[in-house]
Amino acid sequence: MIIAITIILGIDISKDMIELANKNKEEKAREFVRNTGDLDGYNKRTWFGEGNAYNLVNLVGGKESADYIICRNVLHRLREPEKALEQMLSVLKTGGKLYIRDLRRDACWNTVVNRIGEQRWEKPILVRDYIDAMASMLTKEELVDTLVSLGINEYEISDGDYRSRNESLLEKSIKEYERETEYVCVISKQLTFLINKRFIYL
């Protein structure tokens with residue numbers, strides 16, 4: 001018999017976002033309990049906490065402790081994306097995968113603005129925040145250069161396209177501009193990466 005236990009750990013630097021995630025968790029928990037009757041098990045397997053991408057080793061309980069890592073629209077918010085990627089890969093198990101999805105700086109800015117939505121441009125403080133974030137976006141080429149500099153050779157990168165071909169009519173009506181504004185990168189952590197990393201740091 002094989003028993004698989006999935007543990008989901010969500011990390012965000014914003015206390016407000018953690019509170020929102022826990023609120024959403026409560027709604028999902030009710031659905032989970034209806035199906036399994038196991039609220040205690042759900043709460044133990046799903047956890048959200050404050051933290052940052054530069055300290056993942058301590059947050060997740062050590063190196064090589066995660067099977068999958070999802071990094072969604074985070075890199076363009078970081079001053080040191082290379083340091084964050086090193087942390088992600090250090091906590092990823094050999095054979096694990098890191099999924100990165102982010103906005104591209106070389107996308108048409110008018111399209112990016114439309115994707116973000118008009119309401120977010122109504123307050124000056126938000127305008128400055130988004131302009132700073134947009135200036136920190138990477139192109140696909142810059143991301144590849146960063147990965148190579150870290151000794152990462154096992155990856156796939158493409159334009160963003162995350163919706164199912166079987167999407168509903170409602171989903172089709174929502175314009176996300178994912179292919180025009182985003183990239184997706186999936187990194188597979190192999191033994192060769194570990195060897196390269198040891199070589200780099202000797």
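The values are calculated or read from the model by the stated rules, or taken from the named source; none is laboratory data. Keep in mind the model is a prediction, meaning the values are calculated, not measured. Neighbour counts are summed over all protein chains in view; Cβ atoms, including those assigned to glycine, are modelled from backbone coordinates with ideal geometry.
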Identify all residues within the stretch 31-74 that are at pLDDT below 75 and either surrounded by 12 or more Cβ atoms within 10 Å (Cβ to Cβ) or within 16 Å of LEU92 (Cβ to Cβ) (or both); write none if there are none. PHE32, VAL33, ASP38, LEU39, GLY41, TYR42, ASN43
So which residues in the stretch 105-125 are under 24 Å from GLU80 (Cβ atoms) and either over 22 Å from the mean Cα position of the chain (by Cα) or of a type in the set (Asp, Glu) (or both), if there are any at all? ASP106, ILE125
Tell me, please, whether a residue that is without any contact (Cβ under 8 Å) to a residue 40 or more places away in the chain, within 26 Å of LYS15 (Cβ to Cβ) and buried (at least 19 other Cβ atoms within 10 Å of the Cβ) can be found in the stretch 91-114. yes
